[in-house]
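Below is one structure, written out as structure tokens; comments come after it.
The values are calculated or read from the model by the stated rules, or taken from the named source; none is laboratory data. These figures come from a predicted structure and were not determined experimentally. Cβ: placed from backbone, ideal geometry, glycine included. Neighbour counts: every protein chain shown.
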């Protein structure tokens, strides 16, 4: 039996449980584990026979806790290579104003910057609280992370998009070479 305990923000417990327990049930069904949720304390206990199922479910719960909708978090269940990568902005921003500026650079006007990175890397990105979370395949998540780190370092958006464009072309080229 593998048991994992984690804290979930009380603000995200409702999302984790879902309407009439639908999200909780879907996580349990798809991973074969049992979820116990203490909504008062925000303590979530995951247990199951399969350590991989417990680890996968833990990632899904973490993703929901980091601001992803359950639908987006469930991408972690679609492919065993999918990963959740979390960047902590707390160390990079001394003040609340700095944190807001960083979040603003990553999200962009009306979410355009985040959407562009997601689109060019085939990832899901959530900017929530003091973290940026990325769901994607390892190479894609790494590229998205580099793009976000470039934005954090103050690199102009168009340079970041140029970087993403090059990475996308390299990936396409690699695929062509692989299949030819």
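Restricting to the stretch 104-127, name every residue that is surrounded by 17 or more Cβ atoms within 10 Å (Cβ to Cβ) and in contact (Cβ under 8 Å) with a residue 24 or more places away in the chain. Give the steps one after another, and end with the answer.
Keep residues of the stretch 104-127 that are surrounded by 17 or more Cβ atoms within 10 Å (Cβ to Cβ), which gives 105-107, 113-114, 117-118, 120-121, 123-127.
If the condition is that a residue be surrounded by 17 or more Cβ atoms within 10 Å (Cβ to Cβ) and in contact (Cβ under 8 Å) with a residue 24 or more places away in the chain, then 105, 106, 113, 117, 118, 120, 121, 124, 126, 127 are the ones that fit.
Quick one: which helices (runs of 4 or more DSSP H) lie wholly within the stretch 4-73 and hold at least 1 residues that are assigned by TED's automatic domain parsing to the domain that holds residue 114 and either touching a strand residue (DSSP E or B) at 6+ places or on another chain (Cβ under 9 Å) or surrounded by 21 or more Cβ atoms within 10 Å (Cβ to Cβ) (or both)?
Numbers: elements: 10-17, 22-31, 51-65, 70-73.
Counting at least 1 such residues, we get no helices (runs of 4 or more DSSP H) at all.
From 166, 145, grab the single residue that is part of a helix (DSSP H, G or I) and within 22 Å of residue 90 (Cα to Cα).
145
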Handout entry: Candidate set: the stretch 124-141, residues that are modelled with pLDDT under 95 and assigned to a strand (DSSP E or B); chosen: the one nearest to residue 110 (Cα to Cα)
Key = 128
Fill in the blank from the handout: Exception for residue 106 within (1) assigned to a helix (DSSP H, G or I); (2) more than 18 Å from the chain's Cα centre (by Cα) falls at (2)
Practice task
From (1) surrounded by 15 or more Cβ atoms within 10 Å (Cβ to Cβ); (2) at pLDDT below 95; (3) part of a helix (DSSP H, G or I), pick out the condition that doesn't hold for residue 93.
Solution key: (3)
